[in-house]
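Here is the structure we will look at.
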Amino acid sequence: MSQINRLSKTLIILLAATSALGPASMQILLPAIPVIRDSFAVSNEVAQLTLSLSMLAIALGTLVYGPMSDKYGRKPVMLAGLIVTLFGSLLCYFSHSIEMLILSRFVQAFGGAVGLVLARAIVRDVYSAQEAARVIATLVMVMVVVPMLSPALGGELMLLFGWESVFVVIAIMTFVMALFLSSKLPETLIEPVPFQGVGSMLTNYLRLFRSRVFCGYAFCVTFVSVVFFSFISAAPEIMVSVLHRPPNEYGYYFIMVPAGFMAGNYVARYFGHSYSINQLIGLGASIAAVGIVLTIVLQLAGMKQPIALFAPVALAVFGNGITLPNAQAAAINEFPKFAGSASGLTGFLQMAFSAVAAQLVAVIYNGTIYPLLVLMLAASLASLFSFRFGVMSKSAKSNAQAG
């Protein structure tokens with residue numbers, strides 16, 4: 001446990017903003033994906049790589065930043081990641097081919113992953129497990145605001161200045177965050193963990209994977225993320241091709257979805273004192289499944305308006321907002337000494353599976369909304385199953401220790 005008693009509200013907001021950088025840099029471009037497809041005269045699957053490969057880059061980044069921060073400290077690794085993000089954003093702005101844009105987005109997203117990993121690790125350095133779940137919920141609730149607004153902002157920037165302008169905004173945001181964190185962020189790592197190279201890193205990850213409890217919670221987090229990223233990767237195309245709405249309109253309907261997630265985070269934070277982590281995870285996972293089933297029912301009933309899609313999905317994401325911070329805290333708490341590695345591996349699983357799902361929805365898209373909804377329902381049920389697996393494993397472990 002760190003000697004730092006608590007994080008100031010200002011610092012929590014800064015960490016939240018840094019955590020938001022990776023998701024915001026992905027989501028701000030969402031309304032422009034159909035436009036990019038037409039601008040470069042490429043297929044939908046190729047245009048989708050600007051999203052799915054950036055998600056893969058975040059996944060790979062989470063594997064690197066966690067162990068590196070366990071050895072070298074949270075602050076220097078955080079600042080290094082922000083520098084990479086700034087460089088990648090500038091490359092994106094000057095890209096004149098789809099190949100260069102995809103590569104630049106990969107670099108940008110790789111840097112942006114640093115906040116997703118280290119914000120949670122910093123919180124876990126300072127707080128106990130139960131307190132960390134509440135602080136992470138607060139952090140995520142603040143963090144969601146920027147990605148919530150970024151598609152609407154991206155749509156308007158695209159109409160006014162062209163889709164390239166979104167990268168200027170990301171570069172400015174990154175520079176400001178790096179400037180503030182360089183002076184405000186304390187070093188929270190008290191006992192560095194030796195890092196002997198890739199072999200040692202893999203050994204740490206194998207240690208985590210051998211824990212059935214860690215796997216249960218980590219894959220619960222993973223499939224919650226698959227639900228969300230599957231939706232955001234397919235919804236812009238569905239708005240244009242199925243619902244016949246203009247690209248910039250997606251950003252305004254999309255606000256309902258992260259608003260639901262933020263409301264779920266608030267519930268997780270407010271009831272964190274009254275209910276256990278497992279109770280809140282189970283409640284959130286159940287609500288998410290109900291929301292997706294309701295979406296399917298409304299579509300089968302012939303309600304093809306955007307509100308009939310976004311409102312029940314927002315309910316599902318509300319459930320995910322309850323589940324996610326608690327499942328993240330539970331996963332990381334299994335190995336407090338390796339909080340950076342545990343956070344990194346959890347983040348890798350989240351983004352790697354989500355990247356595959358994002359590309360998969362482009363492949364299975366058949367001109368209707370149903371392939372997306374079936375994939376989301378399957379992921380939601382997998383999240384609930386993984387959680388039950390983790391709980392049963394933890395109960396068995398506790399019983400064995402008691403015996």
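The values are calculated or read from the model by the stated rules, or taken from the named source; none is laboratory data. The model shown is predicted, which means the values in this text are computed figures rather than measured ones. Virtual Cβ from ideal backbone geometry, glycine too; neighbours counted across all protein chains shown.
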Given the structure, is I322 hydrophobic (A, V, I, L, M, F, W, C) and at pLDDT below 85?
-> no
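Collect the residues in region 70-87 that are more than 24 Å from V123 (Cβ to Cβ) and either aliphatic (A, V, I, L, M) or under 19 Å from the mean Cα position of the chain (by Cα) (or both), keeping them in residue-number order. Full working, then the answer.
First pass over region 70-87, keeping only residues more than 24 Å from V123 (Cβ to Cβ): 86-87.
L86 - this is the single residue of region 70-87 that is more than 24 Å from V123 (Cβ to Cβ) and either aliphatic (A, V, I, L, M) or under 19 Å from the mean Cα position of the chain (by Cα) (or both).
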Within region 63-96, residues under 25 Å from S343 (Cα atoms) and part of a loop (DSSP other than H, G, I, E, B) come out as G73
In contact with a Leu (Cβ under 9 Å, 6 or more places away or on another chain), aliphatic (A, V, I, L, M), at pLDDT 85 or above and within 20 Å of G347 (Cα to Cα): does that describe L14?
-> no
Lone unmet requirement of (1) within 28 Å of S233 (Cβ to Cβ); (2) assigned to a helix (DSSP H, G or I); (3) of a type outside the set (K, R); (4) touching a residue at least 40 places away in the same chain (Cβ under 8 Å) for V42 = (2)
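What number of residues within region 291-342 are closer than 30 Å to L243 by Cβ, touching an Asp or Glu at 6+ places or on another chain (Cβ under 9 Å) and among the basic types (K, R)? Talk me through it step by step, then tell me what you get.
Initially, region 291-342 is screened for residues closer than 30 Å to L243 by Cβ, giving 291-324.
If we keep only those that are touching an Asp or Glu at 6+ places or on another chain (Cβ under 9 Å) as well, we get 306.
Those still in the list that are among the basic types (K, R) too: none.
Matching residues across region 291-342 total 0.
When you look at A342, is it touching a Gly at 6+ places or on another chain (Cβ under 8 Å) and among the small types (G, A, S), yes or no? I'd like the intermediate steps shown before the answer.
On the way: touching a Gly at 6+ places or on another chain (Cβ under 8 Å): yes; among the small types (G, A, S): yes.
Yes, satisfied.
At least 3 residues that are more than 23 Å from F353 (Cα to Cα) and either without any contact (Cβ under 8 Å) to a residue 24 or more places away in the chain or among the acidic types (D, E) (or both) in each: list the helices (runs of 4 or more DSSP H) lying fully within region 230-317 that qualify.
Details: elements: 249-254, 256-270, 277-300.
Per the criteria, 277-300.
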Residues within region 91-124 that are within 20 Å of the chain's Cα centre (by Cα) and aromatic (F, W, Y), tallied = 2
